[in-house]
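Everything below concerns the one structure shown next.
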Amino acid sequence: MSMLIQVVLDGIWSGLLYGLVAAGLSLIWGVMDVLNFAHGEFLMAAMYVSFWLGFLFKLDPLVTWIAAGAFLFILSVLSYKLVVKRTMGKAMAPLLATFGLSMLIKNFAMNRFTPNFRILSDTVMDGKSIIFGEVVIPVPQFVVGIFSLVVLGALYLFLTRTRFGWAVQATAMDAEAARLMGVNTERIFLLVFGIGGACVGVAGGLLPSYLATHPDIGTLFGLIAFMVVALGGFGSIPGALLAALIIGLVESLAGFYFAPVYKYVAVFGIYLVVILVRPKGLFGW
Amino acid sequence: MNSKIIRKLGFPTLVFALALLPAFGVIGKGFTSHVLILILLNAAMAQAWNLIGGYGGQVSFGHSVFFGIGAYGAAYAVCVGGNAPWGGALAGIIIAAVVSVLVSYPCFKLKGHYFAIATFAIVEIFNRLFMVWDWIGGALGLDYPILKDSWKNFTWASDKTGYYYGAVVIFALVFAIIKYLEKARFGYYLRAVREGQETAESLGVNSTRMKLAAMALSAAVAALCGAFFAQYNYRVDPPTVMSLDMSMKFVLVAILGGIGTFWGPLLGALVLIPLQEYTRAYLAKLGSGVDLIIFGLIIILMMEFQPGGIMGILSAVRKKAIAARSQKPEGAR
């Protein structure tokens, strides 16, 4: 029984992590109808920022996530200006252009930093855990989970409770009409892309506390983020959180009951089943 | 007058010229032969994708699944069965077509990005299953034994002429099928479904059947190319033949050439493959990944300035030339 609780908790931790990683993607997709293929590589870039700050200046990821978030905000704004803005509205062009961007970032990291796995030793949270009877809660995962809930909650409140958030929602529903109502949609797109990038920057900034950094790490995270967003439904933040938890739990339970190698087969399989029953995702309209 | 003759005779002439190339001693052991073979193979792959992605309008990122099934079919027959690759390749082609229909039927319900992401998921599922399937070598893949050079084995240890002829046959076959379909009823139906599914259906076109037929044919051709690749590459493993990277190759060549056009896949391969092979060979001293960095940049720039690909550039140039010509007489008068 305690084993099962442990497995479920592990699933919740990875689910919350996926939620944090996918939050920015969900925002961008929902508002701009752009699937940013380079999302996973943004995460990887943020991990390198945090890793190098930790390695060179002995700063802990608990601090450097701020720098990683800021760096990713800038990187995203640049990506929007240089790549996304110039391809938006042309069928598959943004998807393929951001795929080109992902190749660029990934291979730049490969070229500069080598494919080696880089591990930040003795971070504050590394290896620490809270023990409740027979159940162990690893601290890094727990902290990332808290961050995830805070970031997703903040995004949700921002979208539903602020004037700027209403303008974002109006733009998402009908950019043309929003423009006629005096919303500066150009600025909205820019900021949404920047904020979306900053969210994944926060996730990537925290991850070096317990994961190794390498140029390929973004690929799987990026794919899972696509699943989370598509499963949750077009730009729905609560949907993304629910989808992320489902994916985390499926991954953890499949790894436990079958074998670890089948956990992503189960994740992608569940995704296909749900999406075929609800083609617009769980919370989509 | 000229353009009509080119349109009619251009393709047969090209195939004829390609078939004659070995007689001039161009094809043999060198790097050039390798690049030519890859150009023809990738053009055929992109044309297969173009049928469903370009003419059919269903942007699939799942074609490496079919490519991989074909590759494993041939490799299994040789490496495990100890036979010639032909039967295995044929089985792979049939299985790929069946799998494509089974997988696509439900997925055609999904639109736009949702369809694209579903095809990513399918690639990942197949990739991971093949990684742990020991019957076909698991993550290690299948390595070819050393065999005698012959057409029966479809194997040549050093001289590439046989592979070259094989690539020319595949290229000619695939392009001829598309050329025929472009003008056949099926081709018109397929494009009608792409332009407006509801409209086409209201006129009596069974859109699901059209898309499924296009997907099955596309998958069969992808599997054929995969079988050829297995014979040429001399080993198969899931990361090489059944991965998102391989899927993207189908898409990128087609899109850079210009989707939904007959010559696009060939033009895309003509530009991308030499670029990929020569940069890999000459920029190696700059460290790993430089070729892919350049690749990424080209994709971004192409999408920004001409999403219609090389065919789009050509037609823009031609329009300009026609406009210039129609203005000239006025000035001359």
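Could you please state, rounded to a whole Å, how far the C-alpha centre of region A:33-87 is from the C-alpha centre of region B:261-333?
31 Å
Net charge near B:Glu124, counting Lys/Arg +1 and Asp/Glu -1 over other residues with Cβ under 15 Å of its Cβ?
On the way: positive: A:Lys263, B:Arg128; negative: A:Asp216, A:Glu251, B:Asp245.
So the environment of B:Glu124 carries a net charge of -1.
When Cβ neighbours within 10 Å are restricted to other protein chains, what is their mean count per residue of peptide A:88-95?
Shielding by partners across A:88-95 averages 4.
Given the pairs A:Lys85/B:Lys211; A:Lys280/B:Lys319; B:Lys111/B:Lys183; B:Lys179/B:Lys249, which span a C-alpha to C-alpha distance of over 30 angstrom in this model?
A:Lys85/B:Lys211; A:Lys280/B:Lys319
Counting other C-beta atoms within 10 Å, and keeping those with at most 12, which DSSP coil trypsin sites (Lys or Arg not before Pro) do you find in region B:249-302?
Passing sites in region B:249-302 do not exist.
With every protein chain kept in place and ligands, DNA and RNA left out, what is the accessible area per residue of the protein assembly as shown? Probe 1.4 Å, answer in Å².
Result: 44 Å² per residue.
In a GNM of chain A with a 10 Å cut-off on Cα contacts, which of A:Ser50, A:Ser129, A:Ser102 has the highest mean-square fluctuation?
Highest fluctuation of the listed residues: A:Ser129.
Summing +1 for each Lys or Arg and -1 for each Asp or Glu, what net charge is found among the other residues whose Cβ lies under 15 Å from the Cβ of A:Leu101?
Its environment carries a net charge of +2.
Rounding to the nearest 20 debye, state how big the charge dipole of chain A is about its Cα centre with +1 on each Lys and Arg Cβ and -1 on each Asp and Glu Cβ.
680 debye
Select from region B:273-303 all residues whose loss of accessible area on going from the chain by itself to the full protein assembly reaches 30 Å² or more (probe 1.4 Å).
Hits at the 30 Å² cut-off: B:Ser288, B:Leu292, B:Ile293, B:Ile299, B:Ile300, B:Met303.
Between B:Trp49, B:Trp156, B:Trp135, which gets the highest mean-square fluctuation from a Gaussian network model of chain B, Cα cutoff 10 Å?
Residue with maximal mean-square fluctuation among B:Trp49, B:Trp156, B:Trp135: B:Trp135.
Report the label-to-label distance for B:Asn206 and B:Leu173 in nanometres (one decimal), using points 7 Å from each Cα along the Cα→Cβ vector.
2.7 nm
May I ask you to derive the FRET efficiency for B:Ala284 and A:Leu149 from their Cβ-Cβ distance with R0 = 56 Å, giving the value to the nearest 0.05?
Taking R0 as 56 Å, the efficiency between B:Ala284 and A:Leu149 is 0.75.
What spacing in nm lies between the two simple spin-label points modelled at A:Phe258 and B:Ile322, each 7 Å away from Cα in the Cβ direction?
Those two pseudo-labels are separated by 5.5 nm.
Hey, how many Å between the Cα centroid of region B:59-109 and the Cα centroid of region A:149-177?
Centre-to-centre (Cα) distance: 46 Å.
Cα to Cα, under 26 Å, and not fewer than 8 places away if on the same chain: which lysines meet these conditions relative to B:Lys152?
B:Lys29, B:Lys160
State the answer as a single residue: which of B:Ala172, B:Gly162, B:Gly138 lies farthest towards the positive end of the charge dipole of region B:138-184, with beta carbon charges of +1 for Lys and Arg and -1 for Asp and Glu, about the Cα centre.
B:Ala172
Please report the relative contact order for chain A, taking Cα pairs under 8 Å with a sequence separation of at least 6, and give it as a percent rounded to a whole number.
Relative contact order here is 38 percent.
Summed for both chains, how many Å² of accessible area, to the nearest 100, are buried between A and B with a 1.4 Å probe? Don't skip to the end; give the middle numbers.
Details: alone 13540 and 17130 Å², together 27070 Å².
When A and B are taken together, about 3600 Å² of accessible area is lost.
Grab the eigenvalues of the alpha-carbon gyration tensor for region B:292-331, scale each by 5, take roots, and send me the semi-axes largest first in whole angstrom.
32, 8, 6
Using a Förster radius of 45 Å, what is the FRET efficiency between B:Trp151 and A:Leu276 based on their Cβ-Cβ separation? Nearest 0.05, please.
Result of the calculation: an efficiency of 0.50.
Using just the alpha carbons, could you tell me how many Å³ per residue the convex hull of region A:71-154 encloses?
About 187 Å³ per residue, rounded to a whole number.
For chain B, modelled as a Gaussian network with Cα springs under 10 Å, which listed residue fluctuates most, B:Phe61, B:Phe250, B:Phe115?
For chain B, modelled as a Gaussian network with Cα springs under 10 Å, the answer is B:Phe115.
The values are calculated or read from the model by the stated rules, or taken from the named source; none is laboratory data. Remember, predicted model here, so these are calculated numbers, not experimental data. Using ideal geometry, Cβ is built from the backbone for each residue, glycine included, and neighbour counts are taken over all protein chains shown. Heads up: the accessible areas ignore ligands, DNA and RNA and are worked out on the full protein's heavy atoms, side chains in. Shrake-Rupley method; radii C 1.70, N 1.55, O 1.52, S 1.80 Å.
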